[in-house]
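The values are calculated or read from the model by the stated rules, or taken from the named source; none is laboratory data. Computed from a predicted model, the values in this text were never measured in an experiment. Here the Cβ positions follow ideal geometry from the backbone for every residue, glycine too, while neighbour counts run over all protein chains shown. Just the protein is used for accessible areas: all its heavy atoms, side chains included, with ligands, DNA and RNA removed. Shrake-Rupley method; radii C 1.70, N 1.55, O 1.52, S 1.80 Å.
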Amino acid sequence: QVQLVESGGGLVQPGGSLRLSCAASGSIRSINAMGWYRQAPGKQRELVAAITSGGSPNYADSVKGRFTISRDNGKSTVYLQMNSLKPEDTAVYYCNTRVGVLSYNYWGQGTQVTVSS
């Protein structure tokens, strides 16, 4: 079992910045990758950014150059630095981890990000 707790969401103006944090606990030695997804009302959940156990990051085209995913040295916490935020970034952001040989998915509770003037 892996538990994920997100924090850092909020309301920001276009062009502003936020940093999301996701703290993992439980069977963290079995984690293959961690990432951030987002889901806007009426929309499908989409990948925003992910980072493998080896430290390789991947980003959705829509956030490249604006968002940065990172982790602490112990891989217990993953971050998403979001700069130059746009209204279309508004969504609930979920931390995700893939665990074990079957890459079983665990999800955090979500944190709301709203970008509006």
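Worth a mention:
- Averaging the sequence gap over all C-alpha pairs within less than 8 Å and six or more residues apart, then dividing by the number of residues, gives the chain a relative contact order of 36 percent.
- Sum of side-chain charges, Ala40 neighbourhood, beta-carbon under 15 Å (Lys, Arg +1; Asp, Glu -1): +1
- Of the solvent-accessible surface of the chain, computed with a 1.4 Å probe and all protein chains present, 47% belongs to carbon and sulfur.
- Over all other residues within a Cβ to Cβ distance under 10 Å of Val115, the charged ones net out to -1, with Lys and Arg as +1 and Asp and Glu as -1.
- Each of Arg29 and Ser17 was given a label point 7 Å from its Cα along the Cα-to-Cβ line. The distance between the two points is 3.7 nm.
- Simple rule: put +1 on each Lys or Arg Cβ and -1 on each Asp or Glu Cβ in the chain, find the dipole, and look at Tyr59, Ser70, Ile31; the Cα lying farthest toward the positive end is Ile31.
- The chain - charge dipole about Cα centre, Lys and Arg +1 at Cβ, Asp and Glu -1, debye rounded to 20: 140
- Counting charges near Leu85 (Lys, Arg +1; Asp, Glu -1) among other residues having Cβ under 15 Å from its Cβ returns a value of +3.
- Highest-first packing order for the peptide set 20-27, 56-63 is 20-27, 56-63, based on the mean count of other beta carbon atoms within 10 Å.
- Solvent-accessible heavy-atom area per residue, rounded to whole Å², over segment 1-43 at 1.4 Å: 55
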